[in-house]
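Structure first, then comments.
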């Protein structure tokens, strides 16, 4: 299935190929966590941009997706390949914090001692500095006999020292943007979200299937529907609920956006080891 | 107004603060100050001595002993530095042996000069002391903060020298010291009023400079209490430049007025340096060691705010470094090797701080505004002059790479937009917008110049390819001082200078430097700038930074060990 998937991704361009691709993607996304993990790693190890991108797409939000689970042992990776995989994870999966943490942890478990420090630096500089609380994901996932426990302990002390130092220095009032600048930024963010909601609304499947009603107040609605036949109109009462989704952005997205993009691009274009 | 000054005076420290203001205050009251505070010489309790008349009193000799803040029991009689010990020395030694012969017939007034108030707890002791020590020719007086504020308002800041509209601007600046943009606008208005109204006489210029000095100090003291040094930093830089503009034509020669004017300019520069130092120690140093430390300290979630703040901060750091370098060279020229060596050590500390900040904040490799080339240029000038050429080479290479990458990837590449609102929207989509946003550039030629200066042929070649390829629509340019520069450069009163446009980025370092040298030689108005002629060349750097005008390329030819730009 992997070969077929790869083939469609790299060569397919017909409409029915696209349908097949969608079906396969959906199947993998809803498969067991270890199957999903295996596909993601296999695709990332190819180093091919399209396939790596597909690996990243597999990790997109899905209603019934299991948490990813990865065992790298069957891949029989040498040290350069583990470092290569790490950089691909950082290049393609950085926005999926939880999945990236799982994938990186599996690399930390397998890396030979002589390259452990190098791998830890990669994880620290490009992952933990972006997500300060991701260390908790590492800690929660490592048991007492875990091969990665020393690395996790080491990384935890580094990131906690960094956080403590940063919190001790605190913010600087002299660097505060002016009131006008703050207002402009607030408008800018509002515009961004307004545009995003509009796009999401336009692309929503619900907007195609159902009629849109705008509720100004309340947490439940009552509607009388003319369904024809006896008992019409039918009274329907509906409790409303809110759906929210949040994505944590890497800290560097704010602190050093061009640098972040540059590093991601460098990781993406890296060729597989000889 | 009086309350503002009373509070200001109460907050001043004795050394270098209160004792600096008092002589100016007396001079503006028409008195002759013949002894000023100095270090190392024995003054027998007298901090300031002056002759003249205050109000309707008779002409007298005033001997002032200055103490900061309130006079309490501990400062009245608590050891050799106490007020009482100083007064004893005045009565026992100064009055007996040290009064100049020409003033020996004058009545003497010994003044207890306090920044704050006389505490009730020691009032009786002080009054008793004054009664006991008073003689027919020697009397005592107490000038507390309230009285000093009165003297300020009848002297330096008197109504006819400082009209109500100017006072209003100043009051607003002080009241809004915690809102730096607004504060700077009002203080700028105040400075502009003083400059426009200043008559072209030495005494008028002296008064105007004194007003600027006192106003700046007052603002600084108020800001110090709010814990936000941003407004006084920007105001002090502007005050220094305006003070130069006002004084530059009357400060040459050995006449007393000229010397006083020079003194005042130096004092305003010193206040600015003191504020710059405080800015560094409170805002930058504590965060310099930390990776992304300075970026994390910006209270904003917008990458734009962080970028603007970081480049501004390093520009300030480097500008202060260049002033220190200037002072160090002056000390060496004056033969004061010991002091120069200590300042040289400070210079290296300053350079190391700057390098740490750059190294730990990668956002400093990705300018968003083309005119951040000014800050980059000042940093390179400072680091290169202190000897950190290799660091400059690497930094310039990183900035060049990031700039080229950002442009090609349509990421936040440097643009010529200046309005915050436009920058917040940058980069927009579309090649037309991209070309408009990069229609001109001082950044690329500046980076090329520094690549050439540091001998980085690889970066120079990459920039040459970039300039003749994807960036060929952009008008690469450098700004040289022109005939109109002297008139506008310090106060930012208008556009000035000669732009060298359609610049070709040469692929060889030698050729690139030859182009710059040749233009510097042809456009030689730089040497005619008053600040350069009078040996205050960092004033031009501060003006460039403050008014966001490119630093003259002549500074690139400044040697590492030379005494300034050639």
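Considering region B:419-443, the residues that are within 13 Å of chain A (Cβ to nearest Cβ), out of contact with any strand residue (DSSP E or B) (no Cβ under 6 Å at 6 or more places or on another chain) and closer than 20 Å to residue B:306 by Cβ include one that is surrounded by the most Cβ atoms within 10 Å (Cβ to Cβ), namely B:423. Of the numbered criteria (1) within 11 Å of chain A (Cβ to nearest Cβ); (2) on the phi < 0 side of the Ramachandran plot, the one residue B:227 fails is (2). With respect to the conditions (1) more than 11 Å from chain A (Cβ to nearest Cβ); (2) farther than 26 Å from residue B:538 by Cα, residue B:394 lacks only one, and its number is (2).
Exactly one residue out of A:127, A:84 is in contact with a helix residue (DSSP H, G or I) (Cβ under 9 Å, 6 or more places away or on another chain), farther than 19 Å from residue A:28 by Cβ and surrounded by 23 or more Cβ atoms within 10 Å (Cβ to Cβ), and it is A:127.
The residue of region B:49-76 that is nearest to the chain's Cα centre (by Cα), among those that are crowded, with 22+ Cβ neighbours inside 10 Å and within 20 Å of residue B:153 (Cα to Cα), is B:66.
Scanning region B:468-496 for residues that are surrounded by fewer than 20 Cβ atoms within 10 Å (Cβ to Cβ) and touching a strand residue (DSSP E or B) at 6+ places or on another chain (Cβ under 6 Å) returns B:475, B:477, B:482.
The conditions of being at pLDDT 90 or above, under 16 Å from residue B:34 (Cβ atoms) and over 34 Å from the mean Cα position of the chain (by Cα) are met by residue B:106. Looking at B:210, B:202, B:196, just one residue is surrounded by 24 or more Cβ atoms within 10 Å (Cβ to Cβ), over 27 Å from residue A:172 (Cβ atoms) and out of contact with any strand residue (DSSP E or B) (no Cβ under 8 Å at 6 or more places or on another chain), and that residue is B:210.
For residue B:307, indicate whether it is assigned to a helix (DSSP H, G or I), within 10 Å of another protein chain (Cβ to nearest Cβ) and in contact with a helix residue (DSSP H, G or I) (Cβ under 9 Å, 6 or more places away or on another chain). The answer is yes for residue B:307.
Residue B:287: crowded, with 23+ Cβ neighbours inside 10 Å, at negative phi and either touching a residue at least 24 places away in the same chain (Cβ under 8 Å) or in contact with a helix residue (DSSP H, G or I) (Cβ under 9 Å, 6 or more places away or on another chain) (or both), yes or no? Answer is yes for this residue. Entry remark, region A:155-180: residues being away from every other protein chain (no Cβ under 14 Å) and either surrounded by 14 or more Cβ atoms within 10 Å (Cβ to Cβ) or at pLDDT below 95 (or both) number 2 in total.
Looking at region B:339-450, the helices (runs of 4 or more DSSP H) lying wholly inside it that each contain 3 or more residues that are within 28 Å of residue A:180 (Cβ to Cβ) sit at B:373-386, B:420-425, B:431-437. Scan region B:240-256 and tell me whether some residue there is within 10 Å of the chain's Cα centre (by Cα) and at negative phi. Yes, because at least one residue in region B:240-256 is within 10 Å of the chain's Cα centre (by Cα) and at negative phi. Criterion first (within 14 Å of chain A (Cβ to nearest Cβ) and out of contact with any helix residue (DSSP H, G or I) (no Cβ under 8 Å at 6 or more places or on another chain)) does residue B:256 satisfy it? Answer is no for this residue.
Okay, residues lined up against (1) assigned to a helix (DSSP H, G or I); (2) crowded, with 22+ Cβ neighbours inside 10 Å:
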| site | (1), (2) |
| --- | --- |
| A:89 | yes, yes |
| A:118 | yes, no |
| A:121 | yes, no |
| A:146 | no, no |
| A:150 | yes, no |
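Would you say residue A:145 is farther than 30 Å from residue B:279 by Cα, more than 26 Å from the chain's Cα centre (by Cα) and at the interface with chain B (Cβ under 10 Å from one of its Cβ atoms)? No. Inclusion of residue B:318 among residues that are at pLDDT 95 or above, more than 9 Å from chain A (Cβ to nearest Cβ), part of a helix (DSSP H, G or I) and touching a strand residue (DSSP E or B) at 6+ places or on another chain (Cβ under 9 Å) is not warranted.
The values are calculated or read from the model by the stated rules, or taken from the named source; none is laboratory data. Quantities reported herein were computed from a predicted structural model and do not represent experimental measurements. Note: ideal-geometry Cβ built from the backbone for every residue, glycine included; neighbour counts use all protein chains shown.
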